[in-house]
Amino acid sequence: MARASCGEAAEAPLVRVNFTPGDVARTRFTVTPAPMPETVVALIELRRTAASGYRGRAAPWLREGRRAFPATARPLLDLVGSRGPWPGIFERFTPDLHEGIEELRGASRASLRAGLSRCQEAPRPPLWVRNLADGDREQLELVIRALRDLHDTVVAPRRDTAAAASRADLARRIPVLVTGGQEALLGTLDPRLRWRDEGLERTGIDFEMNLDGRGLLLRPSAFWTGEPIFSFDEEGHRPHVLIYAAQPNGHSASDNGTAELAAHDSLAALLGPTRAAVLRALREPRGTIELAAAVQISPASASAHAKILRDASLIETRREGRGVRHSLTSLGTAMAGIHLDG
């Protein structure tokens with residue numbers, strides 16, 4: 001995607017992103033779908049696993065994706081290699097694929113040329129790619145069809161399970177945010193990322209970026225297992241973005257396949273099954289006795305679990321007459337998996 005995704009050199013130069021306090025405050029997660037970038041990272045994963053030669057241990061979606069790969073998507077193989085940098089023309093983070101495609105279709109010749117300038121893996125690109133960079137609309141439609149068919153074949157059938165894995169990753173990270181704050185969280189997104197001197201670093205190319213108060217949008221991806229990808233918008237039309245591999249259970253979502261991860265209860269793994277059930281039962285406010293009945297535990301146990309959740313700022317408790325009423329805070333709502341998109 002962005003220039004910062006190039007493979008590391010022998011001297012391990014650094015990509016560095018500088019944060020102001022305002023950037024830290026404006027950095028946020030989203031699990032809102034971004035079909036075009038997700039389709040591209042899925043393609044990169046397919047190419048990486050094919051290049052590595054391993055088959056038996058590949059995630060189910062990768063094995064299925066290789067079998068179902070549509071012939072009409074083959075033109076993308078000339079644009080998207082197994083290693084970066086990757087074309088900037090695909091950095092369209094709209095929640096609807098059609099909207100992203102219309103943005104791409106309306107791209108100017110200068111924009112196409114700039115976006116494709118990063119894609120120079122071959123010593124000399126094929127003629128059709130050079131024509132595309134010159135604004136050839138027929139070749140652009142070829143790319144659009146390839147993107148749509150690959151998305152419909154590989155990404156769309158796994159949309160729900162991929163979203164579930166991304167939400168589980170987010171739930172797993174909330175305790176780090178609660179106990180350590182945003183800066184601690186940024187340093188734990190991926191082992192290859194490091195928070196140092198008010199900035200986020202990873203090996204890559206020598207590249208430095210100031211966020212200039214716009215913050216960073218963090219996107220967990222269930223299709224991605226590689227190093228975190230920065231996508232910077234220097235024109236101010238959209239947020240700066242960091243795509244990283246979703247890790248619902250401490251390892252990449254793609255290691256076990258998105259369907260398996262969707263079935264795994266990451267919230268229960270974090271809080272314990274009873275406490276997770278208490279949190280979920282409070283999707284509607286309840287008194288202690290009502291809560292105990294909903295979770296099928298004693299009132300004393302419900303009160304004890306509620307205290308722990310209240311101390312973690314996940315619920316709030318208000319007195320009503322002789323009793324109390326528990327309800328989720330905004331943080332508790334996010335952790336329970338409700339209204340996570342943003």
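Of everything listed in (1) modelled with pLDDT of 95 or more; (2) closer than 23 Å to Val241 by Cα; (3) touching a Pro at 6+ places or on another chain (Cβ under 7 Å), the single unmet condition for Ala146 is (2).
So, of the residues in segment 318-335 that are surrounded by 15 or more Cβ atoms within 10 Å (Cβ to Cβ) and polar (S, T, N, Q), which turns out to be nearest to Leu291 (Cα to Cα)? Selected residue: Ser327. Among the residues making up segment 175-196, those that are more than 16 Å from the chain's Cα centre (by Cα) and within 13 Å of Asn18 (Cα to Cα) are Glu183, Arg194, Trp195, Arg196. Beta carbons closer than 6 Å, at least 6 apart along the sequence or on distinct chains, pair a first residue in segment 6-25 that is more than 15 Å from Arg194 (Cα to Cα) and modelled with pLDDT under 90 with a second that is assigned to a strand (DSSP E or B) and among the small types (Gly, Ala, Ser) for Cys6/Gly84. Surrounded by fewer than 21 Cβ atoms within 10 Å (Cβ to Cβ), at pLDDT 90 or above and either in contact with a Lys or Arg (Cβ under 9 Å, 6 or more places away or on another chain) or β-branched (Val, Ile, Thr) (or both), is that true of Gly215? Yes.
Does Asp233 count as among the charged types (D, E, K, R), at pLDDT below 85, open to solvent by 10 Å² or more (accessible area, probe 1.4 Å) and part of a loop (DSSP other than H, G, I, E, B)?
Values: among the charged types (D, E, K, R): yes; at pLDDT below 85: no; open to solvent by 10 Å² or more (accessible area, probe 1.4 Å): yes; part of a loop (DSSP other than H, G, I, E, B): yes.
Spelling it out, it is not the case that Asp233 is among the charged types (D, E, K, R), at pLDDT below 85, open to solvent by 10 Å² or more (accessible area, probe 1.4 Å) and part of a loop (DSSP other than H, G, I, E, B).
With respect to the conditions (1) at pLDDT 90 or above; (2) outside any helix (DSSP H, G or I); (3) over 18 Å from Glu234 (Cα atoms); (4) open to solvent by 30 Å² or more (accessible area, probe 1.4 Å), His98 lacks only one, and its number is (2). Restricting Ile308, Ile338 to residues that are aliphatic (A, V, I, L, M), within 30 Å of Arg159 (Cβ to Cβ) and either at pLDDT 95 or above or surrounded by fewer than 15 Cβ atoms within 10 Å (Cβ to Cβ) (or both) narrows the list to Ile338.
The values are calculated or read from the model by the stated rules, or taken from the named source; none is laboratory data. Here the structure is a predicted model, which is why all the values come from computation and not from measurement. Please note: Cβ atoms are built from the backbone with ideal geometry, for glycine as well, and neighbour counts cover all protein chains shown. When the accessible area is computed, the model is the full protein with side chains, heavy atoms only, and any ligands, DNA or RNA have been set aside. Shrake-Rupley method; radii C 1.70, N 1.55, O 1.52, S 1.80 Å.
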